[in-house]
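To start, the structure itself, in structure tokens.
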Amino acid sequence: AAAAAAAGVSLGGMGASVALGAAAASGAAPSGDVPRPPSLRSCGEGDAGLPISPLSPSEVAEVGRLSCDRGPCTGGTAVWLQGEHFTPELLVLFGDVPAKEVSYVCPELLTCVAPPSGDDERSRTVDVRLVSAVSGRASRRPLPFHYRAQSAASSASAAAAAA
């Protein structure tokens, strides 16, 4: 947990910190006290050892659910994306801004870190969608992510602490 806190990555509403590194890339749950998203089945159940195949023209990567759908405007919220037809070259977009640290785990799971919203003063909602870096095709059903603005009291406290 100390290493995860040192990495400075917030897991948002799950109340813990997590470093999304080798554990996420291997398909294992991150070490420490970080819970897996509720009702998340094991990746690749029933298809262990099968190679990743290119998508057919009718298959588009789709996000079915986000582990966390809100975070601060400053970004840094770790998000697990569960869905279908995921491939390693997918880009995760929060609005028009690419996510940071995107990791392909398996055809049903990606992890990423939400980027800053671009406006720390204003709460807003953006669409989270996937775009193939190879074909340019985008997911058809984006999911909402809610950026929360830092309150005036929190801003004043942060400014005082920085001084």
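The values are calculated or read from the model by the stated rules, or taken from the named source; none is laboratory data. Model, not experiment: these values are computed from the prediction. Just so you know, the surface numbers come from the protein's heavy atoms only, side chains and all, with ligands and any DNA or RNA stripped out. Shrake-Rupley method; radii C 1.70, N 1.55, O 1.52, S 1.80 Å.
Counting heavy atoms of the protein chains alone, Glu101 has an accessible area of about 100 Å² for a 1.4 Å probe.
In sequence order, the stretch 143-149 has phi-based couplings of 10, x, 10, 9, 8, 9, 6 Hz under the Karplus curve 6.51 cos²θ - 1.76 cosθ + 1.60, θ = phi - 60°, and Gly or Pro positions carry x. Of the residues Asp127, Asp96, ranked by 1.4 Å probe accessible area with the largest first, the sequence reads Asp96, Asp127. The residues of the stretch 79-129 expose, per residue, 43 Å² of accessible area to a 1.4 Å probe.
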